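A.B. asks: Mind looking over this structure? Questions follow.
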Number of protein chains: 2
Amino acid sequence: MMRRQNFRPPRPNHNRSGSTAVATPQKTDRLESLIEKATGLLTTSRYTSSRQNLRIIPMGGVEEVGENMTALEFGDDIIVIDMGLAFPDDTMPGIDYIIPDTKWLEENKRRIRGVIITHGHLDHIGAVPYILPKLGDPPVYTMALTAAFVKKRLEEFSLLGRSKINTITKDDVLALGNFKLRFFRVNHSIPDSVGICITTPVGQVIYVTDWKFDHTPVDGKATEFDKIARFGAEGILLLMSDSTNAIKPGYCASEREIGLTIDRTFNEIKGRVIFANFSTSISRIQQFFDAAAKYNRKVIVTGRSMVNNIEIALSLGYLKIQPKIIIKSEQAKKFPDNQIAILTTGAQGEDAAGLARIARGDHKTVKIKKGDTTIVSASPIPGNERAISAMLSNLTRLGSHVIYNKTLDIHTSGHAHQEELKLMMALTKPKFFMPIHGEHHMIVAHGELAKTMGIPETNIFSLDNGQILELNSAKEAKVTEDPKISSGYVFIDGLGIGDVGEVVIRDRQVMAQDGMFVIIMTLDRRNGKLINQPDIISRGFIYMKGNDDLIREVKHEVRKLVESKGKEKLEPNWAYLRNIVRDEIGEYLYQKTERRPMVLPVVIEI
Amino acid sequence: MMRRQNFRPPRPNHNRSGSTAVATPQKTDRLESLIEKATGLLTTSRYTSSRQNLRIIPMGGVEEVGENMTALEFGDDIIVIDMGLAFPDDTMPGIDYIIPDTKWLEENKRRIRGVIITHGHLDHIGAVPYILPKLGDPPVYTMALTAAFVKKRLEEFSLLGRSKINTITKDDVLALGNFKLRFFRVNHSIPDSVGICITTPVGQVIYVTDWKFDHTPVDGKATEFDKIARFGAEGILLLMSDSTNAIKPGYCASEREIGLTIDRTFNEIKGRVIFANFSTSISRIQQFFDAAAKYNRKVIVTGRSMVNNIEIALSLGYLKIQPKIIIKSEQAKKFPDNQIAILTTGAQGEDAAGLARIARGDHKTVKIKKGDTTIVSASPIPGNERAISAMLSNLTRLGSHVIYNKTLDIHTSGHAHQEELKLMMALTKPKFFMPIHGEHHMIVAHGELAKTMGIPETNIFSLDNGQILELNSAKEAKVTEDPKISSGYVFIDGLGIGDVGEVVIRDRQVMAQDGMFVIIMTLDRRNGKLINQPDIISRGFIYMKGNDDLIREVKHEVRKLVESKGKEKLEPNWAYLRNIVRDEIGEYLYQKTERRPMVLPVVIEI
C-alpha cells in the first residue's frame, strides 16, 4: 500500500492570502548538514539551531481538524505523538484521506525513539499504516484499547509484526532517550485516552489532546486531576492543549447525561430502534447496550468497523454487555419489533457506511419499515451537514421516525469547552502555551482564553504545521525563524499514496466545474495540414447532442487556426499550435457559454 | 439568457432509494388532453380530474431548502406563488443555481392569471428572470420592497418592462380569476414579507412561508395577528406553512435581541469593525447602522448587491440612517480606526463575495490589519460550514479578531420555531395542513407537530415537488393518484439554462473523483492497424510525469487489443473496438491504482 510515494505535493492554497504556501525542505541533523555542506548538496537548509534546545514541531493538526501529529526533538532524540488522518474538504475531489507530510521525519528516522499514541480515534491513529513503514517501523507505545485498534489497523494493511506495539498503563514511566514520559487519564469519547507529561532536559511539557473533564464518566474512570495537579506543582514549561471547542462557552455535558436521553428515548419507542454511532465511541455504545438490555431488546450489529471494535472492546473488558443480547439478523424475525435494536455506523452520512445504505434502501439485511425510529447519535462534522440531512429525508421517506442532535440532546462532544480549558491551565500553570488540534481560528480563540488566564501574549504560540517552537535551558521559548520543515498535505486516493498532488487536484477541480474539451488535430507532418476534420471529445461541459452548432463552429475555428498557424512548427510537438488552439478556443467557448472547460489540444502527426 | 432551454433533465437521484426518480410529463388541461388523445400523442397523461376542484401543486421547495414555487389551479385559472432558486449541493459540481422545472406551467401559460411574490429573498425571487419569460411574462403582484428587488433583478437580465410588476399593499384585495387574495404582514429577516389568504370556490387557503412572530421587530411592524385570527374565524380549509425550523423547540429570538448584541459588541471594539451580512437582511443592516451611528463610526459599504439593496431600501424608506454616515473607502484615512465600520456581503463564505475576498487578501479596497474585528452575522447554510471556517481562519491569520454565531448570539433565524408554528395553526384552525419549505424530514417533523395540535394524520399532506393536492367543494382533500407533473431540477451554469443535465453532471462527478483518460488510436482505415503509437491524454487521474511505466504498459495493452480486435470493424465508428478498449483499460487501471477515471477511447481513421 505504500509503494508509490514519489510525489509529495505542497499544501494546496486553501483561500490563503496570495502566496502558494510551499514549505522548503530542510535538515535539522547537524551531522547530515555538515556532510551536505561538504559535498555541496546543501541548498535550502539553514536550520542549525542548538542541539541543547527542545524543539516542538507540529506536523499536522494545528491548521485543520484532523491529521494530528507532533514531533519533539532534543539532542539526538526524536519522539512522535499521534499519527492521524484528516478527511478531505470539497476542494479535494476524489481524495480518500489526507495525512501529514513526514519527509523531515523520514530523513531523521534513525533518531526516532518511539511513537506515542494518545487514543484510538482515526485522526490520531489513522495514518499509522501509511507512515510507520516510512519511518523504519519505530516502536509504538500506547494504552491497551488503543494498542488493539492500532494492531487491527496494521493488520488490515498486512503490516502487523513490523513496528513493535507496546502496551503501557497510565502509571508507567517511559524513558525514550532524553525524554521521560508519564501519563494521566483524561475523559474522551473513547476509553484509554491519556495526556502526557514529558520531562525534558529543559523542562516539562504537558501534551493533552482530545479530552474533557467528565465527573460522571460512563466507565467510572474520571480524569486524574491529582496527577495533573502534581505535574503542575512540579513546574510545567509548556502546555499543549486541545482547541476543538475553544470557541464554546461553559462546560461540555457529561456522557452520562446522553445516556439518560437514550434511556428515555428507548422507553418511548414502540417499533424497532436503529442507532447510528461512531464505532469508536465505546461509552456511547455501552449506554446503547444498557438501554437495550433494560428495555428488553435484542441487538443486531452491522458495519465492519462496528463489529470489529465491539469485539476488541469486549475482549479487553472495555464494554460490558448482557450475555446473548447480540443476535444475527436472521434471528430477528423471532422477535417482535419492540424487542429489536440495530446498531450501525454511518452517523456522518458517509456514503459507504451502514446508515446511508439503509437510507438508500440497499443495505443487505436492514430494510426500514413504518414504525422504525432511527437515532443518529452524533453531531455533524463540518461539511457533512447536507449529506446527513439528505439521509434523514430518505429515512423519513421510507417510513422511519428520526431523532438527531437538533431534535434531542442525543450527542455530547468529547472535547473540553472554555471553562474546562481554563481549569486545565489553572491546574498545570504553564509558563508557555501552545494551542493545538483545530483550525487556525480555533487555535487563536484558545490563545485568547489563555490570555484571560494570565498567560502573557508573548508566551502564547500559535504555530502552523511545520513551524518549530524552540525552548532552551534558560526557560526561554521562541518560534525559530528558520523555514518550516516540509509540511504539506499528502493525499491518499485508492492504492496510491502521495501520487495525487496539487496538479491532479487542480485538474479535477477544473473538470468538476466546467468539464473538459479535447480537440484532436490530425496533421500531415510534411506540410502541417489537417488530414481529417478535427475531432472533439467533450464531457461535463455541455450536452453535446443538443449543441451540434457549437461543435461545428468550434471545428471551423480550429480549422482556421491550423491553416494560419499550422505551418509554423516552431516548437517540437506542435507546442505553439497547441497553445494557440487552447487559448483561442478556450476564449471562444467562454464567449459562447460563460464556461471554462479544460481545453486540451492534441496533435496527431501522420 | 434564456435562449437555450432545449434540455431539461430529470432530477438527479440524490441518495434516494434505488430508482431514478424521473417524473413523466403530463397534461392537466383537459382540452389539451383531448386534442392529444385525438391526435394519438397522449402516452403518459392520465390526470383528468375535475375542473371544479382546487388543485395545489408545489413546484419546488418541499424536497429541499430553496427553489420555492407553488401553483394553484381552479377551473381555467392558475396562480403562481414565488419563483425561487436553490443553491447546488456538492453532488452538482459547477452548477450556479437550481430552479424548478416549469414545463407544465409553460404548457398552460395562457391560464396563468398572476404571480404573487411573498418577499424579496433569492429563494423566492431568484428564478424570476429565468421563468417569467417562459410563461409569457405574466403580471407580478407584490409589496413595494419586493417589487423593487424583483425589478432590479429583471433589470440585470435586461428584462425590465416585459412582465408588469404591480405593487400591492398588505390591505389590498386581489381578484385573479377564481382566486381572491388578501394579505397579512408577517415578520421575517426582510421587510414587506406577507402571508396570503386565498379565497377559492371550494374554501380558503392560507399560504405563509418564511415567517416568524417577532413581537419587537426592528421596523416596529409586527405580525398582523388580528387578520390571521379573522381569516381563521372565517374558516380555513388548508394551511400551508414554513417547515424550516419545525425541528427546533421553543421560540425564535427577536431580531431586536441581536441588535443588543451588536450594540454591546460595537461598544467593546477598539479597532475597525468589519460586518458581514446578507444584503437582503434590511433589519440587521438597520441595527448595524444604528450601532455605527451610536458609537460614532462612519460606514463603508462594499459589495454590489449590498450597495444596490441599501439604495433601494433607503429610497423606499425601509432603512433610516444618519445623514453622511456612509463614506467612500478613499475617505477612510481621514478617520481613526475606531471610527470606521465596513459593511460587506459574504457571510456564507461565498468565494466571490466581499468577505471571502477580504479574507484572501485580494479585496480591492479593504485590507485586514491587526486590531480589526470581523463580525459574521449569519448562521451557516448547511454545506457552507467548511468554507466559512476556512475564511475565519484566514481572517485571524491576517490579524483580525472574529465574532460569529458560535461565539456570540450574533444571528437569529427568520423562520418560526415549534411554538410559533403551533400558534399559527391555533390561529388559523385549518381543516387540512400541508407543510412546505424544507427538506423532507423537516416537512415530516412539521406534520408531526400538526398532529399534536389535533389535526388528524389523514388531513396532513406531505407532498413531493410536482405532486397534486386536490380539494373539492365537499371539503375533501386527497393527493391525486395521477403521475406528478414534470418537476425535475433545471440547472443553471453560466449563460446556458437547462443545457447542463444529468448526464453532464454525472460526467463532472466522475472526472472530479478520479479524472479522465483519453486513449487515441490512429488506425489505417483499410486494415485496422495502428499507424502511430496510441496517444494518452489524462488529467486528474495520476501525476503523469511520475508514472511513465503505467502509461507505457497501458499503451502496450491498447496495442494488443487493437491487434486482436481492430480488424473486426463490426460497427460503424469502431464502436466495438472502443467498447473493448474502454472496458479492458478501465479494469486494468483499476487493478493498478484502485481508481476509476473516465476512460474515453477515440479512433482516428486515416
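The values are calculated or read from the model by the stated rules, or taken from the named source; none is laboratory data. This is a predicted model, so every value here is computed, not measured. When we count neighbours, we look across all protein chains shown, and the Cβ atoms used for this are built from the backbone with ideal geometry, even at glycine. For the accessible areas, the whole protein counts, side chains as well, though only heavy atoms, and no ligand, DNA or RNA atoms are used. Shrake-Rupley method; radii C 1.70, N 1.55, O 1.52, S 1.80 Å.
A.B. asks: Based on this model, can you work out whether B:R578 counts as within 42 Å of the chain's Cα centre (by Cα), surrounded by 16 or more Cβ atoms within 10 Å (Cβ to Cβ) and more than 11 Å from every other protein chain (Cβ to nearest Cβ)?
C.D. replies: Judged against the criteria, B:R578 is a match.
A.B. asks: Tally the residues that are at pLDDT 80 or above and closer than 18 Å to B:I604 by Cβ, restricting the search to region B:549-580.
C.D. replies: Here the count works out to 14.
Condition check ((1) modelled with pLDDT of 95 or more; (2) under 24 Å from B:I358 (Cα atoms); (3) not β-branched (V, I, T)) across all residues:
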residue: B:R297; (1), (2), (3): yes, yes, yes
residue: B:S305; (1), (2), (3): no, yes, yes
residue: B:I312; (1), (2), (3): yes, no, no
residue: B:S315; (1), (2), (3): yes, no, yes
residue: B:I327; (1), (2), (3): yes, yes, no
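A.B. asks: Considering each of A:R46, A:R51, A:R16, A:R11 in turn, give the residue that is open to solvent by 40 Å² or more (accessible area, probe 1.4 Å), within 14 Å of another protein chain (Cβ to nearest Cβ) and at pLDDT below 95.
C.D. replies: From the options A:R46, A:R51, A:R16, A:R11, the qualifying one is A:R16.
A.B. asks: Ok, one more. Of the residues in region B:83-100, how many are in a loop (DSSP other than H, G, I, E, B) and β-branched (V, I, T)?
C.D. replies: The number of residues fulfilling the criteria is 2.
A.B. asks: For the subset of region B:93-110 comprising residues that are open to solvent by less than 10 Å² (accessible area, probe 1.4 Å) and of a type in the set (A, V, I, L, M), which member is farthest from B:D137 (Cα to Cα)?
C.D. replies: The residue in question is B:I98.
A.B. asks: To continue, here is another question. Out of curiosity, is B:L449 modelled with pLDDT of 95 or more, touching a Leu at 6+ places or on another chain (Cβ under 7 Å) and aliphatic (A, V, I, L, M)?
C.D. replies: yes
A.B. asks: Right, here's the next one. Pick from region A:396-416 the residues that are at the interface with chain B (Cβ under 7 Å from one of its Cβ atoms) and in contact (Cβ under 8 Å) with a residue 24 or more places away in the chain: which of them is nearest to the chain's Cα centre (by Cα)?
C.D. replies: A:V402
A.B. asks: Filter region B:294-315 for residues that are crowded, with 16+ Cβ neighbours inside 10 Å and more than 27 Å from the chain's Cα centre (by Cα) and give the result.
C.D. replies: B:Y295, B:R297, B:K298, B:V299, B:I300, listed by residue number.
A.B. asks: Please go through (1) at pLDDT 85 or above; (2) closer than 21 Å to A:I520 by Cα for B:V490 and return the number of the only condition it doesn't satisfy.
C.D. replies: (2)
A.B. asks: Sort out which residues of region B:262-293 are among the acidic types (D, E) and open to solvent by less than 50 Å² (accessible area, probe 1.4 Å), and write them in order of number.
C.D. replies: Across region B:262-293, the qualifying residue is only B:D263.
A.B. asks: In region B:228-261, what residues are touching a strand residue (DSSP E or B) at 6+ places or on another chain (Cβ under 8 Å) and open to solvent by 20 Å² or more (accessible area, probe 1.4 Å)?
C.D. replies: Once the filter is applied, which keeps residues that are touching a strand residue (DSSP E or B) at 6+ places or on another chain (Cβ under 8 Å) and open to solvent by 20 Å² or more (accessible area, probe 1.4 Å), region B:228-261 yields B:E234, B:G235, B:T244.
A.B. asks: Could you count how many residues in region B:511-532 are more than 10 Å from chain A (Cβ to nearest Cβ) and without any contact (Cβ under 8 Å) to a residue 24 or more places away in the chain?
C.D. replies: The number of residues fulfilling the criteria is 1.
A.B. asks: A follow-up question, please. Give region B:463-479 a look and list any residue that's under 14 Å from B:I56 (Cβ atoms) and open to solvent by 50 Å² or more (accessible area, probe 1.4 Å), or say none.
C.D. replies: Of everything in region B:463-479, those that are under 14 Å from B:I56 (Cβ atoms) and open to solvent by 50 Å² or more (accessible area, probe 1.4 Å) turn out to be B:Q467, B:E476, B:K478.
A.B. asks: Of all residues in region B:380-395, how many are outside any helix (DSSP H, G or I), facing chain A (nearest Cβ under 7 Å) and open to solvent by 40 Å² or more (accessible area, probe 1.4 Å)?
C.D. replies: Result for region B:380-395: 1.
A.B. asks: Tell me yes or no: at least one residue of region A:529-545 is among the small types (G, A, S) and surrounded by fewer than 20 Cβ atoms within 10 Å (Cβ to Cβ).
C.D. replies: Scanning region A:529-545 turns up no residue that is among the small types (G, A, S) and surrounded by fewer than 20 Cβ atoms within 10 Å (Cβ to Cβ).
A.B. asks: Taking region B:442-461 as the search range and keeping residues that are touching a strand residue (DSSP E or B) at 6+ places or on another chain (Cβ under 6 Å) and within 14 Å of chain A (Cβ to nearest Cβ), which one is most open to solvent (accessible area, probe 1.4 Å)?
C.D. replies: Once the filter is applied, the top-ranked residue is B:I460.
Condition check ((1) touching a Cys at 6+ places or on another chain (Cβ under 8 Å); (2) outside any helix (DSSP H, G or I); (3) of a type in the set (S, T, N, Q)) across all residues:
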site	(1), (2), (3)
B:R264	no, no, no
B:F275	no, yes, no
B:S279	no, yes, yes
B:I300	no, yes, no
B:S305	no, no, yes
